[in-house]
Amino acid sequence: MNLPLPIVEPVPVFTIVLFVIFFAPLLFNKIKIPGIIGLIVAGILLGPKGFYILENDTALKLFGKVGLLYIMFLAGLEIDLKEFKKNSNKSLVFGGLTFAIPMILGYVASFYFLYEYLNISITGEAFSDKIVEASILLASMFASHTLLAYPIVSRYGLLKNESVTVAVGGTIITDTLALLVLTVMISSTSGSLDSNFWIRLGVSLILYSVIVFIIFPWISRWFFRKVESEGVYQYIYTLAIVFSSAMLAEAAGIEAIIGAFSAGLALNRLIPHNSALMNRIEFIGNALFIPFFLISVGMLVDYRVLFSGTEALIIAAVMIVVANVAKFAAAYFTQKIFGYNIHQRDIIFGLSNAQAAATLAAVLIAYDIGLLNAAVLNGTILMILVTCLISSIVAERASKKQAALEATELIKIPESSEKIMVPISNPENVEKLIDFAFLIYEPKTKEPIYPLAIVKDDSDVEEQLIISKKMLDKVLIQGAASDIQMQMISRVDLNIAGGIVRAAKELSITDLILGWNGKITTAEFVFGSVLDQILLQTNKSVYVTKIIHPISTIQKIILAVPPNAHLEFGFDHWIRNIKRLAKQTSSNIKCMAPKDLQAVLNNKINIQKPSVSISFRDFEDWEDFLVLSKEMNQNDLFIVVKARTDGPSYNKAFDKIPKFLAKFFEHISFVVIYPEQREVGITVQQALSKSIL
């Protein structure tokens, strides 16, 4: 097959890029260099400035742009909104420092640097004005940066670390300011910088914010409720929102990367981290789009300028020194102000040091309008290469050390291993039960989730086994999509409840998640025969759920806690799970509890990680559920903490709760929690003697 260089046929081009994505990181990881550097170096060698094997054509530029937007979208999607708001002042400080310091140093260096080397290309009466304009543009280039090392930090599981949250927030601030400076300077150069410019910019930004942060989330919540089980459509819809936001950002006069980040923030509450959709987004981005972006960055680098004379080398050296010193100074001062350790400082520096997309945009625009010459353009490209290398290496080393430090701290506070079992019987609610399990699941336990199908041993057992196998196969696919390990269990037993309890004992299960149809069929039973028997025979945590809408779309958790709930053996455990649920869904918690219990709850919730937003309301009347139901809507999740009959927090009013839920909460999702007990409250023999089984 004749393949003249550069190769332009789609199939060979895509094949080469895939092999590069596969081999380059592996080879560089072997020599202890971050894999993303391998992709950048591969882009240098393959591109027009290297061996010219591939053309940096429209297709590669498209995928590269998509990869850049993907990085920014993931940053907005994975950021902890509670921590982001909590640390917003810190992000403002870092954003101000990482913008102001490079702008000042960049302007001073550029002014004298330009005067020394570039005055031959700037002549005429406007000589001094041109120098100032070029210096400001070049300084804005130093101020901006790209989250190139974000995938590295993500790989080490540090996205919830405060230093990462502050760095990401500061990135948006400095990039927005830098790109605004770029927009203003372009308008100034063209003579269109007037009052109309500022009015247009202000109005467009307001309209953009309304569309992205109000309309898009409203539409998305409706969409995810209607198309909850269609993974492909959910992913395509998410991409459509990302690129619509990026397109609208450009129309509003700001960069597309800001739009992609805004889309991540807008969808943050609707895409939990443990969900199948999040796994698809991360997998496709990390496997394809982001590597394409890194390769495209490498294709911009022209190593031949190293041998084209001293001017480009001097320019590049000055730019590299200014960029690295300015960004490190911002990270250093942020560390000192907020008391971070050196690893967190280096993480901030690693995330904020890489100059790529916005930097290149600024210098190319300045070059096109004649403010900078080819030597500065080449120097900028070399600076991009060096800062990307430094950023990746520093982020890799700092992330590894910080992750090890956090792992050591976790070992000091051991927690019992959590095992979740989800008995399934109704195909209509299987996905909702598994989704709920995902949202309270703690990945650090390394334990699988145990879906259990129990078939009663009677005449149609073979038919029921086939149905249960189909349900388990569906659950297996759901687990694979979420990248959470599942261990399927299928059993035949004479008694459904007994089979569930025996399986839970054999596997040392800590949490049972059960579905309920919300109907009271027999006055003697609390929930119905099977659920009642399970509650009577096990002392483990039990979650009786009726989830109407996808749980990822909830906005608020209404938590009802009875008196003496803190005396239950499983008190700490259910609090951790509720906080995990609130964290995953970015929901606020409204806790209704007796006044004397609120201080205990507040203290316990604030001590344990993760951090969540919680408010309290006095609540004593457990027969006032009609009023409660009128205060809730379909975006709320109602959680009731109950107790078994011999539990320290048991109240006779609890017996009426299932009837209240069935009557008044028909269209509202709810969960009833039975905390773990030290011993089973009522034995099977006792239950039989009371004729309730």
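The values are calculated or read from the model by the stated rules, or taken from the named source; none is laboratory data. Since this is a predicted model, take the numbers as computed values, not measurements. So basically every Cβ, Gly included, is an ideal-geometry build from the backbone, and we count neighbours across all protein chains shown.
What are the residues in the stretch 24-36 that are surrounded by fewer than 24 Cβ atoms within 10 Å (Cβ to Cβ) and in contact with a helix residue (DSSP H, G or I) (Cβ under 8 Å, 6 or more places away or on another chain), if any?
Across the stretch 24-36, the qualifying residues are 25, 26, 27, 28, 29, 33, 35.
For the stretch 474-516, which residues satisfy the criterion of being closer than 24 Å to residue 529 by Cβ, surrounded by fewer than 21 Cβ atoms within 10 Å (Cβ to Cβ), touching a residue at least 60 places away in the same chain (Cβ under 8 Å) and small (Gly, Ala, Ser)?
Once the filter is applied, which keeps residues that are closer than 24 Å to residue 529 by Cβ, surrounded by fewer than 21 Cβ atoms within 10 Å (Cβ to Cβ), touching a residue at least 60 places away in the same chain (Cβ under 8 Å) and small (Gly, Ala, Ser), the stretch 474-516 yields only 503.
What number of residues in the stretch 454-495 are farther than 18 Å from residue 419 by Cβ and at pLDDT 85 or above?
0
From the list 52, 107, 70, which residue is under 25 Å from residue 355 (Cβ atoms) and either surrounded by 21 or more Cβ atoms within 10 Å (Cβ to Cβ) or in contact with a Cys (Cβ under 6 Å, 6 or more places away or on another chain) (or both)? Break it down into steps so the answer makes sense when it comes.
Working: 52 fails: either surrounded by 21 or more Cβ atoms within 10 Å (Cβ to Cβ) or in contact with a Cys (Cβ under 6 Å, 6 or more places away or on another chain) (or both); 107 fails: either surrounded by 21 or more Cβ atoms within 10 Å (Cβ to Cβ) or in contact with a Cys (Cβ under 6 Å, 6 or more places away or on another chain) (or both).
None of the other options fit; the residue is 70.
Please state which of the following conditions residue 235 fails to meet, knowing it meets all the rest: (1) crowded, with 17+ Cβ neighbours inside 10 Å; (2) under 30 Å from residue 587 (Cβ atoms).
Among (1) crowded, with 17+ Cβ neighbours inside 10 Å; (2) under 30 Å from residue 587 (Cβ atoms), the lone unmet condition for residue 235 is (1).
Mind checking which residues of the stretch 414-465 are part of a strand (DSSP E or B) and over 32 Å from the mean Cα position of the chain (by Cα)?
Within the stretch 414-465, 453, 454, 455, 456 meet the criteria.
With the condition being among the polar types (S, T, N, Q), I'd like the helices (runs of 4 or more DSSP H) fully within the stretch 229-344 carrying at least 2 qualifying residues.
The helices (runs of 4 or more DSSP H) meeting that bar are 231-252, 310-338.
Collect the residues in the stretch 75-105 that are β-branched (Val, Ile, Thr) and assigned to a loop (DSSP other than H, G, I, E, B), keeping them in residue-number order.
Initial filter on the stretch 75-105 (β-branched (Val, Ile, Thr)): 79, 93, 98, 101, 104.
Correct list: 79 only.
Are any residues in the stretch 24-43 among the β-branched types (Val, Ile, Thr) and modelled with pLDDT under 85, and if so, which ones? Steps first, answer last, please.
Residues of the stretch 24-43 among the β-branched types (Val, Ile, Thr): 31, 33, 36-37, 40-41.
Once the filter is applied, which keeps residues that are among the β-branched types (Val, Ile, Thr) and modelled with pLDDT under 85, the stretch 24-43 yields 31, 33, 36, 37, 40.
The rows are residues; the columns are (1) small (Gly, Ala, Ser); (2) surrounded by fewer than 20 Cβ atoms within 10 Å (Cβ to Cβ); (3) in contact (Cβ under 8 Å) with a residue 40 or more places away in the chain; (4) out of contact with any Lys or Arg (no Cβ under 8 Å at 6 or more places or on another chain).
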| site | (1), (2), (3), (4) |
| --- | --- |
| 254 | no, no, yes, yes |
| 259 | yes, no, yes, yes |
| 266 | yes, no, yes, yes |
| 274 | no, no, yes, yes |
| 280 | no, yes, yes, yes |
| 287 | yes, yes, yes, yes |
| 314 | no, yes, yes, yes |
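For the stretch 130-222, which fully contained helices (runs of 4 or more DSSP H) count at least 2 residues that are buried (at least 22 other Cβ atoms within 10 Å of the Cβ)?
150-155, 162-190
Do you know which residues across the stretch 597-613 are closer than 18 Å to residue 640 by Cα and at pLDDT 85 or above?
597, 598, 600, 601, 602
Give the residues of the stretch 527-581 that are of a type in the set (Val, Ile, Thr), part of a loop (DSSP other than H, G, I, E, B) and more than 27 Å from residue 221 (Cα to Cα), sorted by residue number.
538, 561 - these are the residues of the stretch 527-581 that are of a type in the set (Val, Ile, Thr), part of a loop (DSSP other than H, G, I, E, B) and more than 27 Å from residue 221 (Cα to Cα).
Restricting attention to the stretch 47-57, does a residue exist that is part of a helix (DSSP H, G or I) and out of contact with any helix residue (DSSP H, G or I) (no Cβ under 7 Å at 6 or more places or on another chain)?
To start, the set of residues in the stretch 47-57 that are part of a helix (DSSP H, G or I) comprises none.
The answer is no, given that none of the residues of the stretch 47-57 is part of a helix (DSSP H, G or I) and out of contact with any helix residue (DSSP H, G or I) (no Cβ under 7 Å at 6 or more places or on another chain).
List every residue pair whose Cβ atoms lie under 6 Å apart, where the two residues are 6 or more positions apart in sequence or sit on different chains, the first residue falls within the stretch 62-88 and is more than 22 Å from residue 272 (Cβ to Cβ), and the second residue, located anywhere, is part of a helix (DSSP H, G or I) and of a type in the set (Val, Ile, Thr).
What qualifies is 67/290.
Quick test for you: out of 33, 53, pick the one residue that is under 26 Å from residue 386 (Cβ atoms), among the β-branched types (Val, Ile, Thr), in contact with a strand residue (DSSP E or B) (Cβ under 9 Å, 6 or more places away or on another chain) and assigned by TED's automatic domain parsing to the domain that holds residue 287.
Numbers: 33 fails: in contact with a strand residue (DSSP E or B) (Cβ under 9 Å, 6 or more places away or on another chain).
Exactly one residue qualifies, and that residue is 53.
Across the stretch 438-473, what is the total count of residues that are closer than 15 Å to residue 500 by Cβ and either small (Gly, Ala, Ser) or not assigned by TED's automatic domain parsing to the domain that holds residue 503 (or both)?
Residues that pass the stated criteria total 2.
Being within 28 Å of residue 294 (Cβ to Cβ), modelled with pLDDT of 75 or more and among the aliphatic types (A, V, I, L, M) narrows it down to one residue among 100, 59; which is it?
On the way: 100 fails: within 28 Å of residue 294 (Cβ to Cβ).
Unique residue meeting the criteria: 59.
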